[in-house]
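First the structure, in the form of structure tokens, and then the observations on it.
The values are calculated or read from the model by the stated rules, or taken from the named source; none is laboratory data. This one's a predicted model, so the numbers in the text were calculated from it and none came from an experiment. So basically every Cβ, Gly included, is an ideal-geometry build from the backbone, and we count neighbours across all protein chains shown.
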Amino acid sequence: MEICMDFLSCLDHDTSMKILMYLEDPSDLVRAGSVSRSWRDFVIANGLCKQLCLSMFPHLLRVDCVIEPSCVKEKASEVGCSKYVEWETLKREHKAYAFLAQGCLSFPFEECIKDAISASSTDNYPEESIRNTLQPGNRYWSSKGQRKAAVPETLVYKLVADICVITEINIQPFQAYFQYGSPIYSAESVRFRLGHPKCPMDDTLSEPLDDSSDDKFIWTYSSSEFPMAQKSCLQNFKLPEPVVCIGGILQIELLRRVQRQEMDGLFYICVAHVQVKGRPLSSAFGVEMLGPSGKFVLKAKSSTPPSLPEDASCRDVHLHGLVDSGQMVNLLGGEVLIEYDRNSEDDEAADEMDDELPF
């Protein structure tokens, strides 16, 4: 312990990268970047937080660039140094991706549906509108009747944020107690799609439409089929792994009809309630879609985390306030308070680096 050695300075670049890439928690990478200035520069210069975030959530590979709308400093125009501009970009991405990865893992779970956009068909509008599925109760959405059981239906919803990490969808089929035998109008199976509009949508949505909507949205994720039980309860469909929805649109595909209505002999699908569980990141991030390319601009709007629920786990608490041996590394607040052990070479560069402290 009497001899201190920086192993990163003793190893080649590839070996150092391999070691640090074993860190699978964004808070660990932030701590690694807080060990010393040389470690901080290594983490930022090699985009380790970005690489970790993209490996965890591959849909974020469509990020074209990261911007901070609230940032008004433009030192690059004064300095005119391409290396400075590149370094500022790397620092901005380091902070944004570290916070984004952290938020995807530790923001509180919430109900993620904001409103209903459309249903592929509605039997009696507005009495049986898709909007009836937003709240539990006695009302419901009903499709039009079909002679063929194979005809599918789709329900499209707007989520509460442009970026949401979706983990599960819950659907309750409707049971018609007012009909003989109290039939349950479930589908045989369901499938989920996540995506974004081809054109910008207003925040205030109009009345839901009868429309399949495939020509209005670009779907970037499609799940496998989940079997649906013919039971009048809130049925849970958990995705195999959390999925980042970029663009805030969910489509529920209801595949194959099960129940025929006795009075007309037609097949129907009816849904009483829909829930979507996940982590909305609206307080921290926004997106700007870049046309049909599927690429988007990630807007880092804020670095202040939402309040955690009272029953949050210890892991979540440590992710939001990174505390280590009395040292507060407040990633979400945008500051890192660190006292470095400097040698003589560090002292010479200290003044030049003061404005480049992490975050």
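Numbers at a glance
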{"read-out": "The listed residue being buried (at least 17 other Cβ atoms within 10 Å of the Cβ), farther than 13 Å from I169 by Cα and not charged (D, E, K, R), out of G278, G248", "value": "G248"}
{"read-out": "Criterion: modelled with pLDDT of 95 or more, over 20 Å from I246 (Cβ atoms) and not in a strand (DSSP E or B) - qualifying residue of T122, T89", "value": "T122"}
{"read-out": "Selected residue (only one of S16, S38, S34, S9 is among the small types (G, A, S), over 30 Å from L194 (Cβ atoms) and assigned to a loop (DSSP other than H, G, I, E, B))", "value": "S34"}
{"read-out": "Residue within the stretch 182-197 that is hydroxyl-bearing (S, T, Y), crowded, with 18+ Cβ neighbours inside 10 Å and in a loop (DSSP other than H, G, I, E, B) present", "value": "yes"}
{"read-out": "Hits in the stretch 27-47 - residues which are among the hydrophobic types (A, V, I, L, M, F, W, C), without any contact (Cβ under 8 Å) to a residue 40 or more places away in the chain and within 17 Å of H13 (Cα to Cα)", "value": "A32, W39, F42"}
{"read-out": "Residue match in the stretch 140-151 (condition: touching a Gly at 6+ places or on another chain (Cβ under 9 Å) and either farther than 29 Å from P240 by Cα or not in a loop (DSSP other than H, G, I, E, B) (or both))", "value": "yes"}
